[in-house]
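Chemist: I'd like to ask you about the structure that follows.
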Amino acid sequence: MSHDLESVALTLVADGKGILAADETVPTLTKRFDTLGIQSTGQSRRTYREMLFTSPGAAEFISGVILQDETIRQRSSDGTPLAQVLSKQGILPGIKVDTGAKPLAGFLGETVTEGLDGLRDRLTGYHGMGARFAKWRAVIHVTDALPSPACVSANTHALARYAALCQEQNLVPIVEPEVLMDGSHSIERCEEVTGTVLHAVFNALFEQRVALECMLLKPNMIISGKECASQASVGEVATATLRCLRRHVPAAVPGVLSGGQEDRLASAHLNEINRLRGAKPWRISFSYGRALQDHALETWHGRDDNLEAGRQALHLRARCNSAASLGQYTHEMEAIPAIVGTPSHRREWRDD
């Protein structure tokens, strides 16, 4: 397997850095715009993404950005392809390549992620546009009876086939098996299901000859369902998450990327995981979408005169999550104004 792939994987989880997931589909981003009264057009979506990608100093905390098909084909206001806008800052462009979760035939309430048809050719094209890594998300619903073994098998097989095709096309795959927060299940049930899914994921990756050194894992954290009457504490989430990872994720995987919840809670969970003592053979960082974007989107609000404030809002969340990936996040950081373009922030956190 290419040494370049391993280098890219390690770059994406470099100390104090993580990934901005800006891969929302047009319908999903349109819903978020609608909530704020922002008209969703190709131009407005491009303006928003360009704002995120040009936050001064963000490259100190952001190693890569996941794009989607519309965005990787767009150009900035000065005519530069958005993927090049990122790469010129030392940020690796990535691409979401699945086509979404669809109902799993014969299994009510369960889904399988599609997108394998024609994937090899699409990956070739995306690599030519500048992408150096990719993402595929499997969605696992949880109840007392779900997921079914058939659902786990279908989704993990698709994840492994996707990962093998990515490595064939010289792209690092981010493998994302997400056990959803939706539901009333306990943190114990979440850990049980996540362990089963991760075990199946790595069996499938082994069968498809995926090189673990040249991929990244993006699992869910071990948390209580949103409707669960007993919500686990930050410490309980961190302990259960790290325990589950140790039991089911091989040490050969370079990095584990945590998914997001609400922005400050996502930072607190990630920070606590990294503060726990004991062996962590992988780097544990972040790949956040809304947890990085929400404040910036609300600040921008579709107005050109708010673009700089929106960039500063992204910078704040990025540096907070950078600190959390080092186990150095504090709530006081939320009140520190973003002073963009200065390289000393991470050293300041280490001195605290």
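The values are calculated or read from the model by the stated rules, or taken from the named source; none is laboratory data. Here the structure is a predicted model, which is why all the values come from computation and not from measurement. Backbone-built Cβ (ideal geometry, glycine too); neighbour counts: all protein chains shown. Each accessible area value is taken on the protein alone, full model and side chains, heavy atoms only, with ligands, DNA and RNA left out. Shrake-Rupley method; radii C 1.70, N 1.55, O 1.52, S 1.80 Å.
Chemist: What is the number of the single condition among (1) among the polar types (S, T, N, Q); (2) touching a residue at least 40 places away in the same chain (Cβ under 8 Å); (3) not in a loop (DSSP other than H, G, I, E, B) that Ser230 does not meet?
Modeler: Checking Ser230 against (1) among the polar types (S, T, N, Q); (2) touching a residue at least 40 places away in the same chain (Cβ under 8 Å); (3) not in a loop (DSSP other than H, G, I, E, B), the one that fails is (3).
Chemist: Take the residues of the range 126-154 that are hydroxyl-bearing (Ser, Thr, Tyr) and surrounded by fewer than 22 Cβ atoms within 10 Å (Cβ to Cβ): which is nearest to Ala83 (Cα to Cα)?
Modeler: Start the filter on the range 126-154 by keeping residues that are hydroxyl-bearing (Ser, Thr, Tyr), which leaves 126, 143, 148, 153.
When the remaining residues are screened for being surrounded by fewer than 22 Cβ atoms within 10 Å (Cβ to Cβ), the result is 143, 148, 153.
Details: Thr143: 40, Ser148: 39, Ser153: 34 Å.
The qualifying residue nearest to Ala83 (Cα to Cα) is Ser153.
Chemist: Does Asp98 meet the test of being more than 22 Å from the chain's Cα centre (by Cα) and either in contact (Cβ under 8 Å) with a residue 40 or more places away in the chain or within 30 Å of Ala160 (Cα to Cα) (or both)?
Modeler: Numbers: more than 22 Å from the chain's Cα centre (by Cα): no; either in contact (Cβ under 8 Å) with a residue 40 or more places away in the chain or within 30 Å of Ala160 (Cα to Cα) (or both): yes.
No.
Chemist: Pick out the one residue from Ser55, Ser44 that is more than 30 Å from Ala158 (Cα to Cα) and not in a helix (DSSP H, G or I).
Modeler: Working: Ser44 fails: not in a helix (DSSP H, G or I).
From the options Ser55, Ser44, the qualifying one is Ser55.
Chemist: So, one more: Scan the range 244-263 residue by residue and report those that are over 22 Å from Ile66 (Cβ atoms) and either touching a His at 6+ places or on another chain (Cβ under 9 Å) or open to solvent by less than 20 Å² (accessible area, probe 1.4 Å) (or both).
Modeler: Narrowing the range 244-263 to residues over 22 Å from Ile66 (Cβ atoms): 244, 246-248, 250-252.
The answer is Cys244, Arg247, His248.
Chemist: What do you reckon, is Thr99 within 30 Å of Ser186 (Cβ to Cβ), assigned to a loop (DSSP other than H, G, I, E, B), open to solvent by 20 Å² or more (accessible area, probe 1.4 Å) and modelled with pLDDT of 95 or more? Full working, then the answer.
Modeler: Working: within 30 Å of Ser186 (Cβ to Cβ): no; assigned to a loop (DSSP other than H, G, I, E, B): yes; open to solvent by 20 Å² or more (accessible area, probe 1.4 Å): yes; modelled with pLDDT of 95 or more: yes.
No, not satisfied.
Chemist: Still on this structure, I have one more. Among the residues of the range 181-195, are any out of contact with any Leu (no Cβ under 6 Å at 6 or more places or on another chain), touching a residue at least 24 places away in the same chain (Cβ under 8 Å), open to solvent by 10 Å² or more (accessible area, probe 1.4 Å) and hydrophobic (A, V, I, L, M, F, W, C)?
Modeler: yes
Chemist: Inspect all residues belonging to the range 19-37 and state whether any of them is crowded, with 17+ Cβ neighbours inside 10 Å, in contact (Cβ under 8 Å) with a residue 60 or more places away in the chain and polar (S, T, N, Q).
Modeler: no
Chemist: Next question. What's the number of the condition Arg49 fails, among (1) without any contact (Cβ under 8 Å) to a residue 60 or more places away in the chain; (2) closer than 26 Å to Ala158 by Cα; (3) of a type in the set (D, E, K, R)?
Modeler: Result: Arg49 passes all but (2).
Chemist: Is it the case that Ser322 is open to solvent by less than 20 Å² (accessible area, probe 1.4 Å), in a helix (DSSP H, G or I), at pLDDT 95 or above and in contact with a Lys or Arg (Cβ under 8 Å, 6 or more places away or on another chain)?
Modeler: Details: open to solvent by less than 20 Å² (accessible area, probe 1.4 Å): yes; in a helix (DSSP H, G or I): yes; at pLDDT 95 or above: yes; in contact with a Lys or Arg (Cβ under 8 Å, 6 or more places away or on another chain): yes.
Against the criterion (open to solvent by less than 20 Å² (accessible area, probe 1.4 Å), in a helix (DSSP H, G or I), at pLDDT 95 or above and in contact with a Lys or Arg (Cβ under 8 Å, 6 or more places away or on another chain)), Ser322 qualifies.
Chemist: Ala240 fails exactly one of the following numbered conditions: (1) open to solvent by 10 Å² or more (accessible area, probe 1.4 Å); (2) out of contact with any Pro (no Cβ under 9 Å at 6 or more places or on another chain); (3) aliphatic (A, V, I, L, M). What is the number of that condition?
Modeler: (1)
Chemist: Can I ask one more? Return the residues of the range 263-310 that are outside any helix (DSSP H, G or I) and closer than 25 Å to Thr30 by Cα; say none if nothing qualifies. Lay out the reasoning, then the answer.
Modeler: At the first step, the residues of the range 263-310 found to be outside any helix (DSSP H, G or I) are 276-289, 301-303.
Of everything in the range 263-310, those that are outside any helix (DSSP H, G or I) and closer than 25 Å to Thr30 by Cα turn out to be Phe286, Ser287, Tyr288, Gly289, His301, Gly302, Arg303.
Chemist: Still on this structure, I have one more. Among Gly225, Gly235, which is assigned to a loop (DSSP other than H, G, I, E, B) and of a type in the set (Gly, Ala, Ser)? Can you show your working first?
Modeler: Details: Gly235 fails: assigned to a loop (DSSP other than H, G, I, E, B).
Checking each option against the conditions leaves just Gly225.
Chemist: Among the residues of the range 283-313, how many are surrounded by fewer than 20 Cβ atoms within 10 Å (Cβ to Cβ) and under 26 Å from Cys214 (Cα atoms)?
Modeler: 1
Chemist: Examine the range 80-91 for a residue that is closer than 23 Å to Val139 by Cβ, open to solvent by less than 10 Å² (accessible area, probe 1.4 Å), touching a helix residue (DSSP H, G or I) at 6+ places or on another chain (Cβ under 6 Å) and of a type in the set (A, V, I, L, M, F, W, C), and state whether such a residue exists. Quick ask: steps written out before the conclusion?
Modeler: Looking only at the range 80-91, we keep the residues that are closer than 23 Å to Val139 by Cβ, and these are none.
No: the range 80-91 contains no residue that is closer than 23 Å to Val139 by Cβ, open to solvent by less than 10 Å² (accessible area, probe 1.4 Å), touching a helix residue (DSSP H, G or I) at 6+ places or on another chain (Cβ under 6 Å) and of a type in the set (A, V, I, L, M, F, W, C).
Chemist: Further question on the same structure: Among the residues that make up the range 58-76, is at least one of them farther than 22 Å from Ile174 by Cβ and either crowded, with 17+ Cβ neighbours inside 10 Å or β-branched (Val, Ile, Thr) (or both)? Reasoning before the result, please.
Modeler: So in the range 58-76, the residues farther than 22 Å from Ile174 by Cβ come out as 75-76.
Filter once more, so that each one left must be either crowded, with 17+ Cβ neighbours inside 10 Å or β-branched (Val, Ile, Thr) (or both): none.
No, there is no match, as no residue in the range 58-76 is farther than 22 Å from Ile174 by Cβ and either crowded, with 17+ Cβ neighbours inside 10 Å or β-branched (Val, Ile, Thr) (or both).
Chemist: Sticking with this structure for a sec: When you look at Thr11, is it polar (S, T, N, Q) and open to solvent by less than 30 Å² (accessible area, probe 1.4 Å), yes or no?
Modeler: no
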